[in-house]
Amino acid sequence: MSDVHIHRTHDLGLDRAREISRQWVADAARKYDMVCSVDSGEAGDTVEFKRTGVSGQLVVSGDHFELTARLGFLLSGFQRAIQAEIEKNLDGLLAREAGDRRA
């Protein structure tokens, strides 16, 4: 098995970070057939996601995102490509948010 670990800091605050995580969840569900659940708390949210061969969580706080995923045997050979795709998607959402805030 292989693990994916991604950490991104931000200065968006919790409300905007939650909105971005909702976009990420919607994209993951639509594009990759992920089943996602969100556990909301006062200090942040934990998004649990899974599908055949992948399970993990995205921790959302007011100043960072922390994603961990465990890849099953069949997907472990694609760990670098999967991590790169997740990073691209999350970084794209953050970049779009930064652009929206400047406008």
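Every number here is computed from the coordinates shown, using simple stated rules; none is lab data. Bear in mind that the values here come from a model prediction, so they are computed numbers and not experimental data. Don't worry about glycine lacking a Cβ; one is built from the backbone with ideal geometry, like all the others, and counts go over all protein chains shown.
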When region 41-83 is checked residue by residue, the ones that are charged (D, E, K, R) and in contact (Cβ under 8 Å) with a residue 12 or more places away in the chain are Asp45, Glu48, Lys50, Arg51, Asp63, Glu66, Arg70
Scan region 1-21 for residues that are closer than 16 Å to Lys88 by Cα and either over 11 Å from the mean Cα position of the chain (by Cα) or not small (Gly, Ala, Ser) (or both) and jot them down.
-> Val4, His5, Ile6, His7, Arg8, Thr9, His10, Ile20
All-but-one check, Tyr32 against (1) of a type in the set (Ser, Thr, Tyr); (2) in contact with a His (Cβ under 7 Å, 6 or more places away or on another chain); (3) free of Cβ contacts under 8 Å to residues at least 24 places away in the same chain, failing number (2)
Assess whether Ile6 counts as being within 25 Å of Ala98 (Cα to Cα), surrounded by 12 or more Cβ atoms within 10 Å (Cβ to Cβ) and out of contact with any strand residue (DSSP E or B) (no Cβ under 7 Å at 6 or more places or on another chain).
-> no
